[in-house]
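Encoded as structure tokens, the structure appears first; notes follow it.
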Amino acid sequence: MTHTHHAVDYVELGAPDLPAARAFYEQAFGWTFTEYGPEYAGFRVPGGDDEAGGIDAGRAPGSGGPIVLLYSDDLDATVSAVVDAGGTVTVQPYEFPGGRRFFFHDPAGNELGAWQPA
């Protein structure tokens, strides 16, 4: 893995129910996981060989802080995948100067977003 100075390198999400969080991200986005015990799992995103982050059962989920944005080739399909996997859309897709995006809560209550370029 190549690390870039000052670039986002790893993202951790809090989720008291680790199996439920894993199931959501596997179903909605195709993430794969490495178990590091009952309280933590690292994740890899599709096409990635290295871990992009982790889910920590010992950390409280939340929103209102920095937002993690996922890239999407098809934003409407991503909205459907989030809902079908048990997530809640909190801000419906909207246009912004660079494209479209929306925000959602995962089943644990973490807030994330997804965007698609114009």
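Here are some notes:
- Under 5 Å between amide hydrogens, built in the peptide plane, is the criterion, and for Val11 it picks out Gly53, Gly54 among residues at least 5 positions away or on other chains.
- Relative contact order of the chain, pairs being alpha-carbon contacts under 8 Å that are 6 or more residues apart, as %: 26 percent
- Low-density loop cleavage sites - chymotrypsin sites (Phe, Trp or Tyr not before Pro) in segment 26-118, where at most 12 other Cβ are within 10 Å (DSSP): Tyr36
- Segment 40-95: C-alpha gyration tensor shape, a/c 1.5 cut-off, then a/b vs b/c: oblate
- Whole-Hz ³J(HN,Hα) from phi, Karplus 6.51 cos²θ - 1.76 cosθ + 1.60, for segment 79-84, glycine and proline x: 4, 4, 5, 4, 5, 4
- Rounded to the nearest whole Hz, the Karplus-based 3J(HN,Hα) values (6.51 cos²θ - 1.76 cosθ + 1.60, θ = phi - 60°) of segment 9-17 follow the sequence 10, 7, 10, 10, 10, x, 7, x, 9, with x at glycine and proline.
- Sequentially through segment 46-56, phi angles give Karplus couplings (6.51, -1.76, 1.60; θ = phi - 60°) of x, x, x, 8, 9, 5, 9, x, x, 10, 10 Hz, Gly and Pro residues having no value and appearing as x.
- For Val68, residues with placed amide H under 5 Å, excluding near neighbours: Gly113
- Qualifying GluC sites (Glu not before Pro) in segment 1-87, DSSP loop, other Cβ atoms within 10 Å at most 13: Glu39
- Among (i) 7.6; (ii) 9.6; (iii) 8.4, the entry that matches mean projected area of the Cα convex hull in nm² as calculated here: (i)
Every number here is computed from the coordinates shown, using simple stated rules; none is lab data. Computed from a prediction, not measured in an experiment: that's the story for all the values here. Reconstructed Cβ throughout: ideal geometry from the backbone, glycine too, with neighbour counts over all protein chains shown.
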